[in-house]
Amino acid sequence: MKEGSGEEQNVAPSVYSHVSRPGSHRYKNAKKGLPFNVMLVGESGLGRTTFLNTLCERVVVDAAGKQVSSEQAHIAEPMQFKHYTVEMEEDGMKIILNVIDTPGFGDGIDNENCFMQIQEYIEVQFDEVLAEENRIKRNTKFKDSRVHALLYFITPTGHSLREIDVELMRRLGSRTNIIPVIGRSDSLTPRELVLFKQRIMNDIAQHSIPIFSFPDAEEGDEGDEENVEENAELRAMLPFAVVGCEEVINEDGRPVRVRSYPWGVVQVDNDAHSDFDRLRYVLLNSHIGDLRDRTHNEIYERYRTEKLSGTVPAQAMALAGDEPSVLEAMGMQHTVAA
Ligand SMILES: Nc1nc2c(ncn2[C@@H]2O[C@H](COP(=O)(O)OP(=O)(O)O)[C@@H](O)[C@H]2O)c(=O)[nH]1
Ligand SMILES: [Mg+2]
């Protein structure tokens, strides 16, 4: 990780990043470190684990953790929630990154359980905050584990969204900030990628899927022109085409992260090769504040209203109806208001 302090001027946002961006963090009010909770969802083999390691610039989950013997390979394991906490420094800002990975998602024939479990997980975190708000004596150690962003990994088919993609994003878009990404995007040519992105965005519009689409600041907010321009640029990039890797080569005395192929290398942090570096900057710097604020002010607020007005319990009961074991399997309890 970068050793630099906040005083340094014009430091690259990441040791590997080639792009020069402002050398100070945009979100300034967090002394103890800013907690940021990201969930990774997508079918196995799309590079979630590799993405996590690439994002954190260290091996958070080693290769052993993802090895599956050939005899076990055909058995679909139930989906799990795996937590990883990594302290990072981004342009002088300490970030406590909590990653929730969901291995096993989409591996079975019926994905209904996966959708329910993820929704349940997200809502349980809201319920805990709601309970905490109502406590007379506040718990000073309370850990806010609301999911600030859900990165949904789309399979690089080059065709269009599949039913599972539409379903997951449609159901959870009102409960968290969904950022769609194309996993293993180096398997598409630049031309294929452009067309694929267009098709995905058409599908998202057609199905009215509520993803996080870098909205411009609302009227009355001090949204400056630069932000409006930046958000328009990011909207046009959606879904982010990500590439992850575990290899670092030395190029002119500088470390460069790559995937090496017989015909050349893909540089993970090179904007011309993938959107990874831009996405990293969005998550850890430019939009970390927006994602956190939107989670609290809009998404949680809506959930809270629904819950207190009695709309959520019915839904939660319907969810839990056939499968009372879902929450137990997660080791959690969902408190349904009487
Ligand atoms: N081509 C390509 N392969 C990748 C990429 N990221 C990961 N992989 C490979 O895809 C396989 C599955 O990756 P892994 O991170 O374990 O996926 P997960 O199951 O989603 O956690 C491994 O062999 C990785 O080396 C990528 O961006 N492009
Ligand atoms: Mg994995």
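Here, each number is a calculation from the coordinates, and none is a lab measurement. Since the model is a prediction, treat every value here as computed from it, not as a measurement. Methodologically, a virtual Cβ is constructed for each residue, glycine included, from the backbone with ideal geometry; neighbour enumeration extends over all protein chains shown.
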- Note on the structure: Here the averaged projected area of segment 107-152, based on the convex hull of its alpha-carbon atoms and given in nm², is 4.2 nm²
- Message: Please rank HIS159, HIS25, HIS296, fewest neighbouring Cβ atoms within 10 Å first, as an exposure proxy.
- Response: HIS159, HIS296, HIS25
- Pop a pseudo-label 7 angstrom from the Cα along the beta-carbon direction at both ASP216 and ASP110 and give the gap in nm to one decimal. 4.7 nm
